[in-house]
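Colleague: Please see the structure below; I have some questions.
What follows is calculated from the coordinates using simple rules that are stated; it is not laboratory data. From a predicted model like this one, the values you see are computed outputs, not experimental measurements. Please note: Cβ atoms are built from the backbone with ideal geometry, for glycine as well, and neighbour counts cover all protein chains shown.
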């Protein structure tokens, strides 16, 4: 990640990959986290890839589709990326809901892993 | 910042302080950033406290009021804090708009400074 535009391209690829996995087979998401990762999902904190993976798989819907409205990314020191996503998601037959999600990614070997993840639905912000 | 609940209290204090300054005299906000800080404001990147301060002061409204709907924070290594805020803001006589803002704070001497800041209005996400 030599420069901001390269970082932005990598952030876009990651976000596309993340929600594609989420929407098709979210049991695969655990592999994007590490034992040191932390997720704050609707205010509830999960520590480590196993706990995070279980939480994501246990969410009470069958079908889910994310649409990204806007994504911003900033390079932070040591090849880390801060990513902010705003979008909409639709679960089962429910009406679409806005969401905001923030990731911090860092490389582990050749892979970019999620170390921090904060997710909120925007339902109470209207 | 020894533990998550202490970190969360510090995050809450910071967020209160930040929007209070923003809403009463935003020329003071520059002092919360450093020469190494980066802000991505509605997709436009500002580098360093001077450029960030100028941008915030130049925003085209007289009156502004932020209301925080929800705030999440995670401790990241080396006493840094990741903060995600979702809220509403009202400028002049316009109707309120939702916003999402992400901060990374880190200590400089005795002060906690903003090193990364991503701001988006939620107007296109309805």
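Colleague: For helix B:48-58, what angle does its Cα long axis make with the longest principal axis of chain B, in degrees from 0 to 90 and rounded to 10?
Modeller: Between helix and principal axis, roughly 30 degrees.
Colleague: Moving on to the next point. On the principal axes of its Cα set, how long, how wide and how thick is the protein assembly as shown? Give whole Å, largest value first.
Modeller: 48, 40, 36
Colleague: Here's a follow-up. Using a label point 7 angstrom from Cα along Cα-to-C-beta, what distances in nm, from shortest up, separate residue A:78 from the other copies?
Modeller: Its label point is 0.6 nm from the equivalent points in the other copies.
Colleague: Treating the angle as unsigned and between 0 and 90°, give the value, to the nearest 10°, between the Cα long axis of helix A:4-24 and the longest Cα principal axis of chain A.
Modeller: Relative to chain A, helix A:4-24 is tipped by roughly 30 degrees.
Colleague: Based on DSSP, what percent of beta bridges with both residues in region A:4-120 are antiparallel, to the nearest 5? Provide the component values of the computation, followed by the final result.
Modeller: Numbers: 34 of 39 bridges.
The antiparallel proportion sits near 85 percent.
Colleague: Something else now. Rounded to the nearest 500 deg cm²/dmol, what is the calculated helix-only ellipticity per residue at 222 nm for the protein assembly as shown, with -39500 (n - 2.57) per DSSP H run of length n ≥ 4? Walk me through the intermediate numbers first.
Modeller: Working: 4 runs with 64 residues, N = 252.
Helices in the protein assembly as shown give a 222 nm mean residue ellipticity of -8500 deg cm²/dmol.
Colleague: Considering only DSSP beta bridges with both partners in the protein assembly as shown, what is the antiparallel share in %, to the nearest 5?
Modeller: Details: 70 of 80 bridges.
In the protein assembly as shown, approximately 90 percent of DSSP beta bridges are antiparallel ones.
Colleague: Pick from A:70, A:114, A:38: which residue has the top mean-square fluctuation in a GNM of chain A where Cα pairs under 10 Å get a spring?
Modeller: So, out of A:70, A:114, A:38, the one fluctuating most is A:70.
Colleague: Kindly provide the Kirkwood hydrodynamic radius of chain B in Å, to one decimal, from all pairs of distinct alpha carbon atoms.
Modeller: Numbers: mean 1/r = 0.0671 Å⁻¹.
14.9 Å is the Kirkwood radius here.
Colleague: Right, another one. Averaged over A:33-40, how many beta carbons belonging to a partner chain fall within 10 Å of each residue's beta carbon?
Modeller: Numbers: counts 0, 0, 0, 1, 0, 5, 1, 6.
Taking the mean over all residues of the peptide, I get 2.
Colleague: Moving on. Dividing the Cα radius of gyration by the Kirkwood radius, what Rg/Rh value follows for region A:49-99? Walk me through the numbers before you get to the answer.
Modeller: Working: Rg = 14.3 Å, Rh = 13.1 Å.
Radius of gyration relative to Kirkwood radius: 1.09.
Colleague: Right, here's the next one. In nm, what does the list of distances from residue B:67 to its counterparts in the other copies look like, shortest first, when each label sits 7 Å along Cα to Cβ?
Modeller: Label-point distances to the other copies, shortest first: 2.8 nm.
Colleague: Something else about it: If the label for residue A:13 sits 7 angstrom from Cα along the Cα-to-Cβ line, what are its distances to the same label in every other copy, in nm to one decimal, shortest first?
Modeller: With the label placed 7 Å along Cα→Cβ, residue A:13 yields 4.2 nm.
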